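What follows is calculated from the coordinates using simple rules that are stated; it is not laboratory data. Small disclaimer: the values here were computed from a predicted structure and weren't measured.
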């Protein structure tokens, strides 16, 4: 793989400059933004909990993608809620609860820890 990378580097240095080349490079680099979104989401889950973080980031990513209609944002939030219910109840995946759940009343805290 390193050999092919070296050949690609050599070819790009020796080839003529193509108009619009840097636009494509910028497009590839801008896709790294979504890796940053994922890292922020993974960092927020232990504090906010799986349900609030998932809903918040689903709506935030919908806004970032350009969706502004309330129906689109509600669909993003509903999809996130369905994903949480699917993972926690049907698939029984143990996910971090979040520190925000510690301030809830006892009965509600138990429900949130079990199902959300």
Report summary line: Here Rg/Rh (Cα, Kirkwood) for segment 36-75 equals 1.02
Report task. Taking the Cα atoms of segment 50-100, report the difference between the largest and smallest coordinate on each principal axis, in whole Å and largest first. Result -> 33, 23, 14
Query raised in the report: Any idea what angle helix 106-115 forms with the longest principal axis of the chain, computed on alpha-carbon atoms, 0 to 90 degrees, nearest 10?
Result: 40
Requested in this report: Using only Cα atoms, tell me the angle between helix 70-85 and the longest principal axis of the chain; keep it within 0 to 90° and round to the nearest 10.
Outcome: 70
Report summary line: Taking Cα pairs closer than 8 Å and at least 6 residues apart, the relative contact order of the chain in percent is 26
**Report entry** 10 Å binning of all Cα-Cα separations within segment 7-68, expressed as whole percents from 0 upward
**Finding:** 18, 32, 21, 16, 12, 1
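What's the whole-number percent of alpha carbon pairs in the chain lying beyond 24 angstrom? Provide the component values of the computation, followed by the final result.
Numbers: 3233 of 6670 pairs.
I get 48 percent for the Cα pairs in the chain exceeding 24 Å.
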Query - Principal-axis tilt of helix 2-14 within the chain, Cα atoms, nearest 10 degrees - result: 50
**Report entry** Centroid-to-centroid separation of segment 6-33 and segment 38-96 [C-alpha atoms, Å]
**Finding:** 35
